[in-house]
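What follows is a single structure, written as structure tokens, with notes after it.
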Amino acid sequence: MADRVVDLVPPLASTSQAPETLHLNAGEVLFEQGTMGDLIYVVAEGEFEIVRELSGGGEELVKVARPGDYFGEFGVLFHLPRSATVRAGTDATVIGYGVQAFRDRLGVGGLGDLIAHGPLQAADRCAQERSAL
């Protein structure tokens, strides 16, 4: 028998959080590299720049996220610090989901989108959810 139990699955962030809509002006930072987070974000309107800080100073643009794109899932699902900084490239709106709400948002057909990291099929659903909040 083992002397102790080793948990190989990291603890998940709170799953009961309701979706949260945030409006940012161009240049505003949503979150910074190295911080912990509990929300996965789906872009509803505008653009977000995902940038990684370089060890020698400066930064590199990793991706520009547009409506229907999502980001921030890796750190939340695996309880790791954010691997990049995200800021609004334009005036923009994003919806933040807790783990369970994001899974519910994906639905049955969304698992393939998550694996491929493609845009969510129903990008207009963000607008519908935003108006319902």
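The values are calculated or read from the model by the stated rules, or taken from the named source; none is laboratory data. Because the structure is a prediction, the values reported are computed rather than measured. Cβ sites come from the backbone with ideal geometry, for glycine too, and all protein chains shown count toward neighbours.
When you scan the range 16-33, how many residues do you find that are loosely packed, with under 14 Cβ neighbours inside 10 Å and at pLDDT below 95?
Adding up the residues that qualify gives 2.
Please give the number of the condition GLY68 fails out of (1) buried (at least 17 other Cβ atoms within 10 Å of the Cβ); (2) in contact with a Leu (Cβ under 8 Å, 6 or more places away or on another chain); (3) over 12 Å from ALA44 (Cβ atoms).
Among (1) buried (at least 17 other Cβ atoms within 10 Å of the Cβ); (2) in contact with a Leu (Cβ under 8 Å, 6 or more places away or on another chain); (3) over 12 Å from ALA44 (Cβ atoms), the lone unmet condition for GLY68 is (3).
Take the residues in the range 69-90 that are in a helix (DSSP H, G or I) and of a type outside the set (A, V, I, L, M, F, W, C), then tell me which one is modelled with the highest pLDDT.
Let us first name the residues in the range 69-90 that are in a helix (DSSP H, G or I), namely 73-78.
In the following step, the residues that additionally are of a type outside the set (A, V, I, L, M, F, W, C) were identified as 73, 75.
On the way: GLU73: 90, GLY75: 87.
Residue satisfying both the conditions and the ranking: GLU73.
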